[in-house]
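All remarks here apply to the structure that follows.
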Amino acid sequence: MKIRYFLIVLYSFFVFEAIGQPDRPNFMIIIGDDISWDDLGCYGNPTVKSPNIDQLANEGIKFTNTFLTASSCSPSRCSIIAGRYPHNTGAAELHTALPAGMPTLPGELKNSGYYTASAGKWHLGPHTKVDFDLVVEKDNGDGGEDQWIRVLRERPKDKPFFMWFASFDAHRDWQIDELATPHNPDKSIVPPYLADAPGTRQDLAYYYDEIQRLDRFVGEVRQELIRQKVAENTLIIVMADNGRPFPRAKTRVYDSGMKTPFVLNWPNGQSKLGLECNSLISVIDIAPTFLELAGIEAGPTFQGVSFVKVIGNPSTEHRQYVFAEHNWHDYEAHERMVRTKYYMYVVNNRPQFPNQGPADSNRSPSYKDLKSVRDAGKLNAAQADVFITPRPHEELFDCLIDPEQISNVASNSRYHEILDDLRSVMHQWIIETGDDVPGKLTESWYDPETGERLDVDQVRGEMPGAKTNAAKLNNKGPF
């Protein structure tokens, strides 16, 4: 153990010397709320106004295969901050908290002399606050970003820092931004699983407006770092906690829910500008990466794998597999996903329920438009997937030819070898990380047709991983 720690410190020393900067880097995660990976200009969306994030990508590294472990706000954020799979955090369901004593990225950095601060949306529970020197929860401002600059300016200047800047944008309900240039609904990019109708196009335009507001604050933060003369040695990641808040996106294990934008900008640590990385990355890999760069040994509770080598050389391969979970988020659910660069395998342990999205999405104009198309008997295959029940227990997708995950090829004999392989990998991951399927999961609290609250007792069932004490298990599983 001592030898390993010495090697990490030695490696970090040579990294910092090689880039001409002996100081430990500052770290900043800017995390948007409910933003899909392809809803930024730098990822090919021709409509969304995101010039500041695009500039960070043009001057940094744009990752194209980074995946969340949950497409649900608090489980995703808890997973990122703890570097663990949701069922291993003890906070696998929406609005459940990390347990006291769970090691986290900011906690480890704080113990090593970093100043740690969070500003904006919290959503991590009460126990994690001890890992931050400062927590400023949203108290005003539509998106929660209005405190970011103040927190940056008031930080102690004699310490390296970690900032967790969490936005409410682009979470429903939409808020009018007087400084935004409204997006034109006629230019909205309508995914194949939504209805191309006026209500949906306007819904998407309002969503784009919220992304634009987040982008404006990203630009202000970058300018403040430049003003303080710390931009060169500050590693910034811009990402999201889950996919867009529309049907068949948020809460789903498909790319529309789990694939996150992931822009990394660190002038002192990059060999070139405007690079693209196609290697598979899981967001649980962030914590061990930051810790390695800070010269800190990642403890055994961190299940992720450092991608420091990828930052130095974006063509480096990192993972074979990423894994994700869909647990309770307004509705009873239990899905597991494993993805390679080319294939996705999904197991649905509650196939009797539809899988349309969260309750706020089911109250949206986009969902109403989909229901109108359904009632007229004109749904295409992607749209029908929002309502279908019972759902397949197993799904397999060829992501190269089917990037939207529309055609389930699990029954196609051409893919049986791949299906068997990913079944085996999934089984290994479940066993090694202590995942399980509780008999009594948390039941649905909302009507799937209307998104309105049901007249039921809102009580929790058994948390996935509770029976196996998964919050105490540290095995990484296959990667």
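The values are calculated or read from the model by the stated rules, or taken from the named source; none is laboratory data. All values derive from a computational prediction rather than experimental measurement. Neighbour counts run over all protein chains shown; Cβ positions are idealised from the backbone, glycine included.
Quick one: A384 ticks every box in (1) within 16 Å of E449 (Cα to Cα); (2) surrounded by fewer than 16 Cβ atoms within 10 Å (Cβ to Cβ); (3) touching a residue at least 12 places away in the same chain (Cβ under 8 Å) bar one, so which box is it?
Answer for A384: the failing condition is (3).
Here is a check on your reading of the model: is F16 surrounded by 15 or more Cβ atoms within 10 Å (Cβ to Cβ), at negative phi, of a type outside the set (K, R) and at pLDDT below 95?
So F16 fits the description; yes.
Restricting to the stretch 82-118, give me the number of residues that are surrounded by fewer than 24 Cβ atoms within 10 Å (Cβ to Cβ) and among the β-branched types (V, I, T).
Selection size over the stretch 82-118: 1.
Yes or no, residue by residue, for (1) in a helix (DSSP H, G or I); (2) of a type in the set (F, W, Y); (3) at pLDDT 95 or above; (4) more than 19 Å from Y254 (Cα to Cα):
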{"residue": "D402", "(1), (2), (3), (4)": "no, no, yes, no"}
{"residue": "R414", "(1), (2), (3), (4)": "yes, no, yes, yes"}
{"residue": "V425", "(1), (2), (3), (4)": "yes, no, yes, no"}
{"residue": "W429", "(1), (2), (3), (4)": "yes, yes, yes, no"}
{"residue": "S444", "(1), (2), (3), (4)": "no, no, yes, yes"}
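Report yes if some residue within the stretch 348-363 is at pLDDT 95 or above, under 22 Å from C73 (Cα atoms) and assigned by TED's automatic domain parsing to the domain that holds Q55; otherwise report no.
No, the stretch 348-363 has no match at all.
Results for (1) within 16 Å of V437 (Cα to Cα); (2) under 17 Å from the mean Cα position of the chain (by Cα); (3) among the aromatic types (F, W, Y), shown as yes or no for each residue.
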residue	(1), (2), (3)
T301	no, no, no
G312	no, no, no
E325	yes, yes, no
A333	yes, no, no
R336	yes, yes, no
R339	no, yes, no
Y343	no, no, yes
V347	yes, no, no
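Have a look at K472, K371 and point out the one that is out of contact with any helix residue (DSSP H, G or I) (no Cβ under 6 Å at 6 or more places or on another chain), farther than 26 Å from Y331 by Cα and not hydrophobic (A, V, I, L, M, F, W, C).
Residue meeting the stated conditions: K472.
Within the stretch 404-418, which residues are surrounded by 14 or more Cβ atoms within 10 Å (Cβ to Cβ) and either over 19 Å from F353 (Cα atoms) or not aliphatic (A, V, I, L, M) (or both)?
E404, Q405, S407, N408, V409, A410, Y415, I418
E93 - would you say it is over 17 Å from M28 (Cβ atoms), charged (D, E, K, R), touching a helix residue (DSSP H, G or I) at 6+ places or on another chain (Cβ under 7 Å) and at pLDDT 95 or above?
Yes, satisfied.
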